[in-house]
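See structure below.
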Amino acid sequence: MTAMTTTAAAAAGRRGSGAGDLGRLIARALRHETCTVDALIVNIAMPVAIMVVFVYVFGGAITTGSSGLEYIDFAVPGVLVMCAGYGAALTAVSMAEEMTGGMIDRFRTLPIGAWTVPAALVIASVVRNVATTGIALAVAVVLGFRPDATPAGWVLTAAVVAGYVLAMSALAVLWGLMVTSTQAAGAFSFVVLFLPYLSDTVVPAETMPGALRAFAEHQPITPLVETLRGLLLDRPIGDSGWIAAAWLAGAVVVATPLAAARFRRRTSA
Amino acid sequence: MESAIHARGLRKAFGRARVLHGVDLTVPTGTLLALLGPNGSGKTTTVRILTTLLRADGGTATVGGYDVAREGDRVRRVIGLTAQQATVDDLLTGRENLELFAGLYHLGRREARRRAQELLERFDLTTAADRRAGAYSGGMRRRLDLAASMVGAPRILFLDEPTTGLDPRSRAELWAVIRELLASGTTILLTTQYLDEADQLADRIAVLDGGRVVADDAPAALKRQVGSERLVLRLAGDEDAARAAAVLAAQGEDARRSPGDDPSEVTLALHGPDHLRRVLDLLHRAGVAPERVELRAPTLDDVFFELTKAVAA
Ligand SMILES: Nc1ncnc2c1ncn2[C@@H]1O[C@H](COP(=O)(O)OP(=O)(O)OP(=O)(O)O)[C@@H](O)[C@H]1O
Ligand SMILES: [Mg+2]
C-alpha cells in the first residue's frame, strides 16, 4: 500500500506532453495491426490479392485504349490507390469502435487531451497504409511491373500516397464519428473501394458511356492515378498533379474541422 | 475534514427525459459512499458528471477540490473510474493495457512496467497477463478494468457497479482491495445493486430515486430509520398471500409481498405488541390464517424498498 500511495503523489504531479501521448496512442493503434490474424490478412493478403487479380485476371481482357500502355503499367498505379484507400477507409471502423465500445470514456478520464485519440488513428493509418501500399508495389514488381521513376519521382510518389491516405483517413474519421455503429462505419470502405472503378483507373474512361465518362474524368481518383502513372513511369503529368493535390488538400481542410466539431459534440453531451 | 466529492443541485436531462433534478452529495476524504438506486435512477449519470464525462445542466460539483465543469484537467489527474461497461482494449493483452494506461499517466517506462506487474498480481491476473483481453472471461475483464482504473493510484475512485459479474471469491477480493484503499486514505464513490455490499463497505449510503437523493445516512442509521422489527407472515400459498396483503392494505397497513423472496410471504414494519395483535385480528376476521409468524431485524433491503416504494407503486 505504501508503494502505491507514493506512486499516487508522483503520478498526480507529473504532466505529460501532447506529443508523448500521441506517440503512445499511435503505437497502440499500430499494435492492433500486428496482433490479430484478421489485421494481417487485411494489411498483407488483401493488397497481394487485389494486385494479382487485376494483373492476371483482368489483364488479358481489358485494352488500355489510346494510352499505348501495357495493361500492367496502366493498372498498377490505380491498384495502389485502391489498396491505400481501402486501408485508410477502415479508420472509420476504428473510430466508431472507440466511440461505441467505451474506450473513449477510459481515455477521457485520463489526464490527456481527448483529441489525441482520433489524431492517433489518422497518423497510424498513414504509417500502416503507406507500408501496405509498398507491399502491393513490391508484388507488382514481382508480377512484371517495371517502374521507371526518378529519385524525385519516388519521393513524390510516396508523398502522393501518404497524402491520399491522410485525406481518406480524415474523411473516414469524420464518417466514423457521424454513424453510431461499427457496421455503418464499414460502409465507407465500400465507397472508397468502388470509386476507382468509376475513374480512369481500371478501365480507360474513354471507353465508358457519356455520363459515366464525364464523371470518371472529373472525379478526384482520375488525376490522382494520372499523377502516380506519370511519376512511376516517368511520363508527363500535365495539370493532373495540381488537380490531385488540390483535391487532397481540400478533403483534409474540409474534413478536419468538421470531424473536430463532431468529436467535441460526441464527447461533451 | 474537507470533502473529496461535493455536489450541489446537480440537474441533467436527456432530451425530454429529466434524469437528475437536484442531486446533493458529499463524500468526506478517505470514506466510502455507496450510491444505491433502482435501475435507471441516474447513478451512472451522476458518476459520469463527477468524472467529467458528462456536463450537468445545472448545479455545481467539485472533486478533489476542483470544479468538474471548469477544471476538468485537474479533476482527471486525481480520479480513477471503473465504468459500468468495461473499458479495456480487447486487442491488447492485459499487461499491454495496463502499461498503456500507465504511460498515459506519464509514469515512465520502467515505472509503468513495475506498476502493471503489481496490479496484475493484485488482481490475480498474472497467468492471463499475456493473453489478449478479448479472450478473457467476463470476470477477468472486470478485474482488468478495475486494475486499469487504479493505474494512476487515484486519490478519488469511482466504481460503477464494480462487482457485477464477479464470482464470490473475486468479489471478496475486490472488497479487500477496497478496504485497503480506504485505509490508505483513498476516497471512494461506489454504486451497487447489492445492499450487503453497501452494508459491508460504506461509511454512508445515499439512495437515489426519482432524480433526487431520498436518503443519505450511515447504514445503521438508515436501518433504524425504517422502523423497528419486521413481521413476516408465511401463508399457505401465493393466493392467500395476495389476499392477506389486500386485507391489510385496505386497513391502512403497509404490508407487501416480499419482493425477490418467497411469494407466499407478506412483510410489514411492526410497531409494538398492540400492532401485532391488530394485524392478526384483521387476518382472523378476514378468514386468512398464516401458517407461521416471524419477527426479524430490518435489513437494507427493507430500507431500499421503503425509500423507493413511492416510485415503484
Ligand atoms: N446518453 C443518454 N441519452 C439518453 N438517455 C440517457 C442517456 N444516458 C442515460 N439516459 C437515461 O437516463 C436514465 C438514467 O440512466 P443511468 O444510466 O444514470 O441509470 P442507472 O441508475 O445507472 O441505472 P442502472 O442501475 O441500470 O445502471 C435512464 O432512464 C436512461 O435511459
Ligand atoms: Mg448505471
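One table, with the values for the structure above:
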| quantity | calculated |
| --- | --- |
| Selected residue (criterion: surrounded by the fewest Cβ atoms within 10 Å (Cβ to Cβ)) from residues of the range B:189-209 that are touching a strand residue (DSSP E or B) at 6+ places or on another chain (Cβ under 7 Å) and assigned to a strand (DSSP E or B) | B:204 |
| Some residue of the range B:51-73 being modelled with pLDDT of 95 or more and within 16 Å of ligand 2 (Cβ to nearest atom) | yes |
| Residue match in the range A:73-94 (condition: more than 23 Å from residue B:98 (Cα to Cα), at pLDDT below 75, more than 10 Å from every other protein chain (Cβ to nearest Cβ) and not in a helix (DSSP H, G or I)) | no |
| Condition check for residue B:42: surrounded by 15 or more Cβ atoms within 10 Å (Cβ to Cβ), small (Gly, Ala, Ser) and either touching a Phe, Trp or Tyr at 6+ places or on another chain (Cβ under 7 Å) or within 14 Å of chain A (Cβ to nearest Cβ) (or both) | no |
| Filtered residue count, the range B:122-142, keeping only those that are within 12 Å of another protein chain (Cβ to nearest Cβ) and of a type outside the set (Gly, Ala, Ser) | 5 |
| In the range B:57-76, the residues that are surrounded by fewer than 22 Cβ atoms within 10 Å (Cβ to Cβ) and on the phi < 0 side of the Ramachandran plot | B:57, B:58, B:60, B:62, B:66, B:67, B:69, B:70, B:71, B:72, B:73, B:74 |
| Residue match in the range B:69-81 (condition: touching an Asp or Glu at 6+ places or on another chain (Cβ under 8 Å) and closer than 30 Å to residue A:39 by Cα) | no |
| Residue list for the range B:30-47, restricted to those being under 11 Å from residue B:191 (Cβ atoms) and near ligand 1 (Cβ under 8 Å from one of its atoms) | B:37, B:41, B:42, B:43, B:44, B:45, B:46, B:47 |
| Counted residues, the range B:1-19 - those being in a strand (DSSP E or B) and open to solvent by 10 Å² or more (accessible area, probe 1.4 Å) | 11 |
| Of residues in the range B:58-95 being within 11 Å of chain A (Cβ to nearest Cβ) and farther than 18 Å from residue A:108 by Cβ, the one nearest to the chain's Cα centre (by Cα) | B:90 |
| Cβ pairs under 6 Å, 6+ apart, first in the range B:211-230 and within 17 Å of residue B:31 (Cα to Cα), second in a helix (DSSP H, G or I) and at pLDDT 80 or above | B:219/B:199 |
| Selection count, the range B:20-50, where residues are within 12 Å of ligand 2 (Cβ to nearest atom), outside any helix (DSSP H, G or I) and among the aliphatic types (A, V, I, L, M) | 2 |
| Residue that is within 11 Å of another protein chain (Cβ to nearest Cβ), more than 20 Å from the chain's Cα centre (by Cα), open to solvent by less than 60 Å² (accessible area, probe 1.4 Å) and at negative phi, where the choices are B:104, B:182 | B:104 |
| Residues being within 16 Å of ligand 2 (Cβ to nearest atom) and of a type outside the set (Asp, Glu) - total across the range B:151-165 | 6 |
| Helices (runs of 4 or more DSSP H) enclosed by the range A:156-269 - at least 3 residues per element that are touching a residue at least 40 places away in the same chain (Cβ under 8 Å) | A:182-194, A:221-233, A:240-266 |
| Only listed residue being crowded, with 17+ Cβ neighbours inside 10 Å, modelled with pLDDT of 75 or more and either in contact with a Phe, Trp or Tyr (Cβ under 8 Å, 6 or more places away or on another chain) or away from chain B (no Cβ under 12 Å) (or both), chosen from A:26, A:41, A:50 | A:50 |
| Cross-chain or 6+ apart pairs with Cβ under 6 Å, the range B:139-166 first and at positive phi, then open to solvent by 10 Å² or more (accessible area, probe 1.4 Å) and within 16 Å of ligand 2 (Cβ to nearest atom) | B:161/B:84; B:165/B:142 |
| Residue B:98 more than 16 Å from ligand 1 (Cβ to nearest atom) and at the interface with chain A (Cβ under 9 Å from one of its Cβ atoms) | no |
| Flag if residue B:19 is closer than 28 Å to residue B:302 by Cα, over 17 Å from the mean Cα position of the chain (by Cα) and within 14 Å of chain A (Cβ to nearest Cβ) | yes |
| Filter result (within 17 Å of residue A:202 (Cα to Cα) and under 19 Å from the mean Cα position of the chain (by Cα)) within the range A:223-259 | A:223, A:224, A:225, A:226, A:227, A:228, A:229 |
| Breaking point among (1) open to solvent by 10 Å² or more (accessible area, probe 1.4 Å); (2) assigned to a helix (DSSP H, G or I); (3) more than 16 Å from ligand 1 (Cβ to nearest atom); (4) in contact with a Gly (Cβ under 6 Å, 6 or more places away or on another chain), for residue B:144 | (1) |
| Residue satisfying condition, being part of a strand (DSSP E or B), touching a Ser or Thr at 6+ places or on another chain (Cβ under 6 Å) and either within 16 Å of ligand 2 (Cβ to nearest atom) or open to solvent by less than 50 Å² (accessible area, probe 1.4 Å) (or both), within set B:232, B:213 | B:232 |
| Total residues in the range B:159-179, condition within 11 Å of the chain's Cα centre (by Cα) and open to solvent by less than 10 Å² (accessible area, probe 1.4 Å) | 4 |
| Scope the range B:144-179; condition within 13 Å of chain A (Cβ to nearest Cβ) and more than 16 Å from residue B:125 (Cβ to Cβ); matching residues | B:152, B:153, B:154, B:155, B:156, B:157, B:158, B:159, B:160, B:178, B:179 |
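Residue by residue, here is whether (1) among the hydroxyl-bearing types (Ser, Thr, Tyr); (2) open to solvent by 30 Å² or more (accessible area, probe 1.4 Å) holds:
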site	(1), (2)
A:225	no, no
A:244	no, no
A:247	no, yes
A:256	yes, yes
A:263	no, no
A:267	yes, no
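The values are calculated or read from the model by the stated rules, or taken from the named source; none is laboratory data. Nothing here was measured: the structure is a model prediction, and the numbers come from that model. Note that we place each Cβ from the backbone using ideal geometry, even for glycine, and neighbour counts take in every protein chain shown. Side chains included, ligands, DNA and RNA excluded: accessible areas come from the protein's heavy atoms. Shrake-Rupley method; radii C 1.70, N 1.55, O 1.52, S 1.80 Å.
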